[in-house]
Amino acid sequence: MVQGGNAKWKEYLETHGKKATDAAPSFCRAMSDVSPNQVVDRAELSRKVKFTYESNAARVYREALSLNAKACRLRDDRGTTIVTPSAPITPALSSALEGDVRLLAEEYPPSLQGLYKNQAWPHAVSTMRSRKVQGLLLAWGMLGITGAYGVYWQGLHREGENGITSSLPSVNPVAHGYMGTTASTPDPYSYSNLFAMSIASLTLAIPYFVLRLFASKIAHLLLDNRQDAFKSARNLLMDRIAKGRAQRLNRCDVYYPASSEGQERKAEYGLILYPGALIDRAAYAPIATRLSEMGILVAVANLEPYRIIVNLKDYSVKEEVMHILSDSVLLCEHGIWTIDKWSIGGHSLGGEMAIAAVANEMSSTIKKVVLWGVSCYPNPNTYPCKQRLRDIKDVNVLVVNGSNDAFVKSTVKNRLLFARNMPPKLCQSSADATSGNEQGHTLYVTIDGGNHAGCAHYGPQTFPMPDGIRTITLEQQQRQTAEATLDFLMEKEKRD
C-alpha cells in the first residue's frame, strides 16, 4: 500500500494473520476458492467478514493503529531508541510491530491568542500600507480634525462674545457671596474644549478598535480553517520513514530518492517545497513520494504551528531556506546526500513565498521555481520583492494550475500583473526554447479537470472561497503535476 486503508490491512493480514488462518484452514480455503463473480450466500459472506475484521489479527491491527507515542517504541531525531512504559506493549502487539516504529510527532493547533499576536495582528497592520486604506485613514483623520477644530472654534467664539474683561483681580463668587453673586455659571468654552478633545480621541480610537476587531476575525479564521492531511497521506509518510525513505526534521519533511547500500547518495535535483496556507505539510507526502521515486529529493518546509507566514518581515527566507537545504542533506540517518542543483517551489501562498525568496535573495543559488496553483504575484505589503523575476537572468519558472481551480479563476485582474513580473512565456512548441536563455522563461501547464486542493491530500477547501470541483482523480492530478515538474527540472521539454 502507498495510500493506506484496506490495501494496508490486506498486506498486514497476509503477514500477521497466519496463526488465525491455521486455526481455521478449511474456512480460509473456502474463502480463497470463491471467485469474484460467484454468488455467495449472505450468511456465509457474513461469517467471512466477521472472520476477516473481528479476528485476533484484526484486533492487534486496530491496537497498532490506535497506538500513540506513550505506548510504543519510538526513535527520536538522533536515532536513539526510546521505550515509554506508561502503556504496556502486549506480546501480540510486539509481534505485530516488527522493529522500531517512528510515529509522526503530535502537532497541536496554536492558541487563538498566539495566532492573534504572531500572525493576525501583523497582517492587520500590514494592510494599512495599502493606498486605499491609507486614503481612508487620511480622510477619516481630516474629518475628525475638522470637527474637533470646529467645536473648539465655536467655544472660543462664544467666550469672546460673552466674556467680561476687567482690570480688577479675579473674585471668587462663592467666597465673596456678599458681593451679590452666589455661584458661577457653566463656562461654554470649557464644554467646547471637552467636546473637541472627545472628537479627537474618537478619531484615533475608532480605527484602532476596528483594526483589533479585524485582527481578531483573522485569528478565528486562521484557527477554524486549518486543513489537516488525509489519513492515507500520514500513513504513507510513516511508512516511508519506517523504510528509511523519508525523515521528519525540525524544519522540514524530507523525501529521499532510492539509493543502494554502499553507493553514493546523490540526486541531480532537490526541491524545497512550501505548503499552501493552513495546510498540513504531511498532506504533500503522496506527491513528494512520487517525485522522490522519480529521482528528486523533496524537502517540504515546516510552518507549524501556524501553517502560514503573513509577513516576511518576521521570517528570514534566506536563512530558513539555507537551513532546510543543509539539514535535508546532512541530517539523513543513512548518510550524507549530494545534490547537484536546487530549486524552490510552493503551492498556493507557498508559491508566492518561493517567488519572494528568489526575487529578494536566492537568485544566485536557485535558478528554477516551481509553482502549483499560483496566479498572483506576491503582495508588496506582505511579501515585498526587491526585483521582478523577469529582470533576473537565467531564472526559469513552471506554473501548474488546474482548469477547475477556483482560486486561479478568481484572480483574473492579477493575471496581467503576474505575467508582467514573470519571465516571458515559453511556448511548448517552440523548437529553439531552452532553459539556458539569459532572460529565462515561464512554462505554463494546465491540468484538465484539476482543482486547487488536488495538489495535495487534504480538503475539501472552502477558505477563503469554495474550491472548484475536480473532475479527475486525485492520483491523476498529482501524477500529471509530478510529471510536469520532473520534465521542467530535468529540462525535458514536451513538444507538440
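None of the figures in this text is laboratory data; all of them are computed from the coordinates on show. Worth saying up front: this structure is predicted, and the values here are computed from it rather than measured. Methodologically, a virtual Cβ is constructed for each residue, glycine included, from the backbone with ideal geometry; neighbour enumeration extends over all protein chains shown.
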Cα-Cα longer than 29 Å, checked against Lys132/Lys409; Lys117/Lys341; Lys231/Lys266; Lys117/Lys367; Lys117/Lys393, kept in input order, equals Lys117/Lys341; Lys231/Lys266; Lys117/Lys367; Lys117/Lys393
Share (percent) of C-alpha pair distances in region 290-371 greater than 23 Å works out to 21 percent
Placing one equal point scatterer on each C-alpha of region 231-489 and summing with Debye, one gets log10 I(q)/I(0) at q = 0.11, 0.14, 0.17 Å⁻¹ equal to -0.55, -0.92, -1.41
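Assuming 1.567 mPa s and 4 °C, estimate D for region 436-487 with Stokes-Einstein, Rh taken as the Kirkwood radius over Cα pairs, in µm²/s.
Working: Rh = 12.5 Å.
Once the numbers are plugged in, D ends up at 103 µm²/s.
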Stokes-Einstein D for region 236-298 (25 °C, 0.890 mPa s, Kirkwood Rh from Cα pairs), in µm²/s, comes to 203 µm²/s
Of all DSSP beta bridges having both residues in region 342-417, the percent classed as antiparallel (nearest 5) is 0 percent
Pseudo-spin-label distance Lys386 to Asn225, built 7 Å along Cα→Cβ, given in nm, is 3.2 nm
Plugging the Cβ-Cβ distance of Asp394 and Asn193 into 1/(1 + (r/R0)^6) at R0 = 56 Å yields, to the nearest 0.05, a FRET efficiency of 0.25
Placing +1 on each Lys and Arg Cβ and -1 on each Asp and Glu Cβ in region 231-489, then taking the dipole about the Cα centre, the residue among Ile336, Ser259, Tyr458 whose Cα reaches farthest towards the positive end is Tyr458
Dipole check, region 231-489, charges on Cβ (K,R +1; D,E -1), about Cα centroid: among Leu278, Val317, Thr365 the Cα furthest to the positive pole belongs to Leu278
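What ranking do 116-126, 369-379, 465-475 get when scored by the average of other Cβ atoms within 10 Å per residue, highest first?
369-379, 116-126, 465-475
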